[in-house]
Amino acid sequence: MSGRLIVSISGIRDETCEHAAEFARELDSRSVAVSLLVAPRLKDKYRLVTDSGTQEWLRARRDGGDAIVLHGYDQAATKRRRAEFATLPRHEARLRLMAADRVMEQTGLRTRVFAAPRWLASPGAMSALQDAGFRMTAGINAIHDLENGTVVRGRVLGIGEGVKAEPWWCRALVIGAGRTARRDGLVRLAVSAKQLGRSGPRMAMLDAVDLALYNGATPAVYEHVRPVHRAA
């Protein structure tokens, strides 16, 4: 995936879906597909299964070429100040993955690609992903193909989900995206849908996308592509 650009949106729910939709339309005008990071449950008792509007939008975007990525189960901290999958043992991680997978199947959004909340997954969680049938996972510093064991390096440049949204960081994100693209590296931009409701973070993300494209990055999404086996 070197020389690629991957843009992801997290925190998509009833209150933020329009922010995500507006940003996705901006990316459509640039021919950039987006990876949609979806959690079955979020804070304030949000449940994806009861949010038909967001479900419909997610399915429509997937059918148009975007990617659906499972982004945890309920994103609750399993230890004080630690992200949901950051410290979980294998058995507990597997239970959460199976519960999330059932909801995704029920809503017609099942996926075999996973990105842990805040991009942090423990060794136990990484092992549980294979048990639960997932084929790819995106971490904070790399993308892992769980079927063949390959790893593609590339650090996430993000706004939201515990990552700063101050003006200085927005500027650094844009500069970092351009620098990585010039080096033919993997540019991974991530933003929470809530932050897309603010003009500063939204424009920073669009500027980063434009600079990465200008420097030759090819748009991509988080997806697992099975190898093609040719007959002898």
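Label separation (Asp14 vs Asp145): 4.1 nm, computed from points 7 Å beyond Cα along the C-beta direction. Need one number: % antiparallel among DSSP beta bridges in segment 84-174, to the nearest 5. The antiparallel fraction comes to roughly 70 percent.
When nucleic acids and ligands are ignored and a 1.4 Å probe is applied, Trp169 ends up with an accessible area of around 60 Å². Here the chain is assigned +1 on the Cβ of each Lys and Arg and -1 on the Cβ of each Asp and Glu. Its dipole about the Cα centre then comes out at about 720 debye. For Arg155, no residue 5 or more places off, or on another chain, has a built amide H under 5 Å of its own.
Computed on segment 19-125, with alpha-carbon pairs under 8 angstrom and 6+ residues apart, the relative contact order is 29 percent.
Over the chain, Cα pairs under 8 Å with separation of 6+ residues give a relative contact order of 26 percent. When both bridge partners sit in the chain, DSSP labels roughly 30% of those beta bridges antiparallel.
Give me the net charge for the shell around Gly11: Cβ to Cβ below 11 angstrom, other residues only, Lys and Arg +1, Asp and Glu -1. That works out to +1. Taking every protein chain into account, the accessible area of segment 1-106 amounts to 50 square angstrom per residue (probe 1.4 Å). Positive end of the dipole of the chain (Cβ unit charges, origin at the Cα centre): among Gly64, Gly11, Met126, the Cα lying farthest that way belongs to Met126. Where only DSSP H runs of four or more residues are counted, the chain gives -11500 deg cm²/dmol as its mean residue ellipticity at 222 nm, each run worth -39500 (n - 2.57).
For segment 1-52, the relative contact order comes to 43 percent (Cα pairs under 8 Å, sequence separation of at least 6).
Each Lys or Arg adds one and each Asp or Glu takes one away; over the other residues whose Cβ falls under 10 Å from the Cβ of Val209, this sums to -2. For Thr218 and Ala76, the difference between the fully extended length at 0.36 nm per residue and the C-alpha to C-alpha distance is 47.7 nm. Label-to-label distance for Glu26 and Arg179 is 2.3 nm, based on points extended 7 Å past Cα in the beta-carbon direction. With the simple model of a label 7 Å out from the Cα in the direction of the Cβ, Arg198 to Trp168 spans 1.5 nm.
The values are calculated or read from the model by the stated rules, or taken from the named source; none is laboratory data. Computed from a predicted structure; not experimentally measured. With ideal geometry, Cβ positions are generated from the backbone for all residues, glycine too; neighbour counts draw on all protein chains shown. Surface accessibility is based on the protein's heavy atoms, side chains included, excluding ligands, DNA and RNA. Shrake-Rupley method; radii C 1.70, N 1.55, O 1.52, S 1.80 Å.
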